[in-house]
1. Criterion first (within 15 Å of residue 84 (Cβ to Cβ), small (Gly, Ala, Ser) and touching a residue at least 40 places away in the same chain (Cβ under 8 Å)) does residue 10 satisfy it?
2. Do we find that residue 53 is without any contact (Cβ under 8 Å) to a residue 24 or more places away in the chain and not charged (D, E, K, R) in this structure?
3. Looking at segment 42-57, can you tell me whether even one residue there is farther than 24 Å from residue 94 by Cα and of a type in the set (Gly, Ala, Ser)?
4. Taking only segment 26-44 into account, find how many residues are under 17 Å from residue 81 (Cα atoms) and assigned to a strand (DSSP E or B).
5. Just give me the residues in segment 41-97 being within 18 Å of residue 8 (Cα to Cα) and of a type in the set (Ser, Thr, Tyr), in sequence order.
6. Taking segment 62-82, which residues are more than 20 Å from residue 19 (Cα to Cα) and surrounded by 12 or more Cβ atoms within 10 Å (Cβ to Cβ)?
7. Go through 67, 44, 56 for me and flag whichever is among the β-branched types (Val, Ile, Thr) and modelled with pLDDT under 95.
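The values are calculated or read from the model by the stated rules, or taken from the named source; none is laboratory data. Bear in mind the structure is a predicted one, so any value in this text is a computation, not a measurement. We place every Cβ from the backbone using ideal geometry, glycine too, and count neighbours over all the protein chains shown.
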Amino acid sequence: MRPPSYVRAANFTNQSSKEVTIIAHFQSGETQNFQIPLLSNMNVEREINHGSYTTVDPISKIEANHVSTLFQTLEFQPEGIEIHEYVIKDEGESLRIEKI
């Protein structure tokens, strides 16, 4: 039996000069928007409440937008249970997400 492989959470630090919207797509099919103001941190993760217990809803994909314009998509191929760390930076007129 193979061990589980999924992205449990993603932590973002916005070092850019702009507010960023992160759209997280979860394994359950749900999506959730997270607003990250400039010079702020945000933890993206989701749990599913089953009444007497909760389970993790793994992140399957992240889309990053600024003013309704997609500037980067992150897709994952985890090798275990992972928590990712990212920094959002200015890159000329655009933005860039770097994994740290």
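1. Criteria met by residue 10.
2. yes
3. yes
4. Matching residues across segment 26-44 total 3.
5. Residues satisfying the conditions are 53, 54, 55, 60, 73, 86.
6. Within segment 62-82, 76, 78, 81, 82 qualify.
7. Of 67, 44, 56, the one residue that is among the β-branched types (Val, Ile, Thr) and modelled with pLDDT under 95 is 67.
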